[in-house]
Amino acid sequence: MTKSNSIFVFFIFLSFLNLSLTWAASNSVYETFLQCLTKHTTNQTDNISNIVYTQTNSSYTSVLRAYIRNARFNVSTAPKPLIIITPLQESHVQATIICSKQLGYQLKIRSGGHDYDGISYISDTQFFILDMFNFRSISVDIDHESAWVGAGATLGEVYYRIWEKSKVHGFPAGVCPTVGVGGHLSGAGYGNMLRKFGLSVDNVVDAKIVDVQGRILDRKAMGEDLFWAIKGGGGASFGVILSYKINLVTVPKTVTVFRIEKLIEAGGTDMAYKFQIVAPTTDNNLFLRMLLQPVTRNKTKTVRVSVLSLYLGDSNSLVSLLAKEYPELGLKKENCLEMSWIDSVLWWGNFDNGTNPDVLLDRNLDSSSFLKRKSDYVQKPIPKSSLNLLWKKMIELGKPGLVFNAYGGRMNEIASTETPFPHRAGNLYKIQYSVNWNEPGAESDKNFISQIRSLHSFMTPFVSNNPRSAYLNYRDVDIGVNQNGKDSFNQGKVYGEKYFNGNFDRLVKVKTTVDPHNFFRNEQSIPTLPIADSVSGVTSTTTSTWKLIARACNIYTLHLM
């Protein structure tokens, strides 16, 4: 054998050795985890291995993909979890926390997958996913106007189960029916009734969480500080949310929706400017959303301005109201659609009129588009002259759009410290920056993400500052990430103060108390105080990894004998 052939064989051997060690280590992790899970699970009725998926399991890919809504993270190069756990009962969650700690692996918690930057299901370190989609129980109590809702239920399922019991009750949450309850509510949650009833978390009255010690705690057991923290501070920083108890709200038998569109050359600029004056100050029963989108008409690039509504009342009173307050809209009765509240949920979800509400129970989408989102808050109306500059910028970029969500009403009445979500009085509206694309590949990602960042940069003079605030549920890693090392607190402060303003410090204190070793962590989690960071979970992870490698080497040696 020649020298070159010997070298080639040697490298083949090293590759084989590496694959064998990887397989052996992975297999060893699975076996050890399964044994631990079995030991700490109560009321075992089924084979517990049925809820644990490794990368060699034939269902692994479909389980992982089922709740990924951003195609950027559906590619083969995206980091994948070693194990996915899909608990069926509370003790499965408790055991998963205990066993993940013992093995020293990061645990990511996913409830719905509408995590714009994928923090709940990707990581640069080896990790497990605890996927809560089986925790979808919804118990509606109309007599007490409340419901217990599992963290893995979707908003569509919640709306449907309420509608089953009552045609005059609803819940103020998001307009996309496939969003998971756990992430939505723990990140504050809002929808098209926020001016009447506030945020989703403003209507949460109890919760069940599994803490870092594996204990199941309700509001009384966890205490008011932790309960406060998981109502907008992000539940995955503090434990695993099992369920929330929500107060239902009353809705009229008839509500009204409309959508008015104008190009900027045909009154769109006036309509956009006046939106900023009227939408945050009008009747609390009216929510207005404005979409700004670059379009091409007659081979000419322009911007389309669209205003959408949900009005908790009939069309006659709505037309009369806006004729006085918002004549630039030009609303007529024929522009309005009167319907039940559940039908308005379908309308806002972009379903055709007449669609059966049972479509809200469909969660078998297995589909996603490439996307990026960002957010801002606006406290002073943008002048018309600046809007004209914005139109030029949007036409120049060509793809990203803006969504303006009006505040005011009930949002002005709740103190900024009532929940971790601080963006209350003083904010006219929130902006969501939005860009979607269909072309896969790194170049497309770079191109469109660059566009939305450019638009975000352009808007700097017109939005909040010191800090430039952002919305946690529009997750955006551009504003800062945490390596969860020695500088965890300072890294966390960068994005933490943008999401939570002055409430960040209280969140850190709660975190340090309930999870001092920072087990529940991700790229934008609440950090612990620096003194607690010195005993973070990094050391235990390294130790456990070396133990597994040593065990894998022993297994490999046995194979060679």
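Of the conditions (1) within 27 Å of Asp476 (Cα to Cα); (2) open to solvent by 20 Å² or more (accessible area, probe 1.4 Å); (3) in contact with an Asp or Glu (Cβ under 8 Å, 6 or more places away or on another chain), Phe238 fails just one. Which one is it?
(2)
Table: residues versus (1) within 18 Å of Lys245 (Cβ to Cβ); (2) crowded, with 19+ Cβ neighbours inside 10 Å; (3) out of contact with any Lys or Arg (no Cβ under 9 Å at 6 or more places or on another chain).
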{"residue": "Asp124", "(1), (2), (3)": "no, no, yes"}
{"residue": "Phe127", "(1), (2), (3)": "no, yes, no"}
{"residue": "Ala147", "(1), (2), (3)": "yes, yes, no"}
{"residue": "Ala153", "(1), (2), (3)": "yes, yes, no"}
{"residue": "Val168", "(1), (2), (3)": "no, no, no"}
{"residue": "Phe171", "(1), (2), (3)": "yes, yes, yes"}
{"residue": "Val181", "(1), (2), (3)": "yes, yes, no"}
{"residue": "Ala188", "(1), (2), (3)": "yes, yes, no"}
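Would you check which residues across the range 451-490 are in a helix (DSSP H, G or I), closer than 23 Å to Arg424 by Cβ and β-branched (Val, Ile, Thr) and list them?
Across the range 451-490, the qualifying residues are Thr460, Ile479.
Could you list, in sequence order, all residues of the range 474-483 that are open to solvent by less than 40 Å² (accessible area, probe 1.4 Å) and touching a helix residue (DSSP H, G or I) at 6+ places or on another chain (Cβ under 8 Å)?
Passing the criteria: Ile479, Gly480, Asn482.
Restricting to the range 242-269, name every residue that is buried (at least 18 other Cβ atoms within 10 Å of the Cβ), part of a helix (DSSP H, G or I) and not hydroxyl-bearing (Ser, Thr, Tyr).
Ile264, Gly268
Name every residue in the range 79-111 that is farther than 20 Å from Arg215 by Cα and either among the β-branched types (Val, Ile, Thr) or open to solvent by 10 Å² or more (accessible area, probe 1.4 Å) (or both), in order of residue number. Even if it seems obvious, please write down each step before you answer.
Taking the range 79-111 as the starting set, the residues that turn out to be farther than 20 Å from Arg215 by Cα are 79-84.
Within the range 79-111, Pro79, Lys80, Leu82, Ile83, Ile84 meet the criteria.
Only one residue in Lys393, Lys384, Lys333 is open to solvent by less than 50 Å² (accessible area, probe 1.4 Å), at pLDDT 95 or above and among the charged types (D, E, K, R). Which one?
Criteria check complete, one pass: Lys393.
With the condition kept exactly as written, say whether any residue in the range 12-35 is farther than 14 Å from Leu82 by Cβ and modelled with pLDDT of 90 or more.
So far as the range 12-35 goes, yes, one or more of its residues are farther than 14 Å from Leu82 by Cβ and modelled with pLDDT of 90 or more.
For the range 31-68, give me each residue that is surrounded by fewer than 11 Cβ atoms within 10 Å (Cβ to Cβ), outside any loop (DSSP other than H, G, I, E, B) and of a type in the set (Gly, Ala, Ser).
Result: no residue meets the conditions.
Pairs only if they're at least six apart or on different chains, beta carbon under 6 angstrom, first in the range 28-44 and touching a residue at least 40 places away in the same chain (Cβ under 8 Å), second part of a helix (DSSP H, G or I) and among the hydroxyl-bearing types (Ser, Thr, Tyr); list them, first residue then second.
Partner pairs satisfying both residue conditions: Thr41/Ser91; Thr42/Ser91.
Within the range 161-178, is there a residue that is closer than 17 Å to Leu507 by Cα, under 18 Å from the mean Cα position of the chain (by Cα) and aliphatic (A, V, I, L, M)?
Checked the range 161-178: no residue is closer than 17 Å to Leu507 by Cα, under 18 Å from the mean Cα position of the chain (by Cα) and aliphatic (A, V, I, L, M).
Among the residues of the range 270-304 satisfying the criterion of being open to solvent by less than 30 Å² (accessible area, probe 1.4 Å), of a type in the set (S, T, N, Q) and not in a helix (DSSP H, G or I), which is nearest to Leu194 (Cα to Cα)?
Residue satisfying both the conditions and the ranking: Thr282.
The values are calculated or read from the model by the stated rules, or taken from the named source; none is laboratory data. None of these values were measured; they are calculated from a predicted model. Quick reminder, even Gly has a Cβ in these numbers, built from the backbone with ideal geometry, and neighbours come from all protein chains shown. Areas reflect the complete protein model, heavy atoms only, side chains present, ligands, DNA and RNA absent. Shrake-Rupley method; radii C 1.70, N 1.55, O 1.52, S 1.80 Å.
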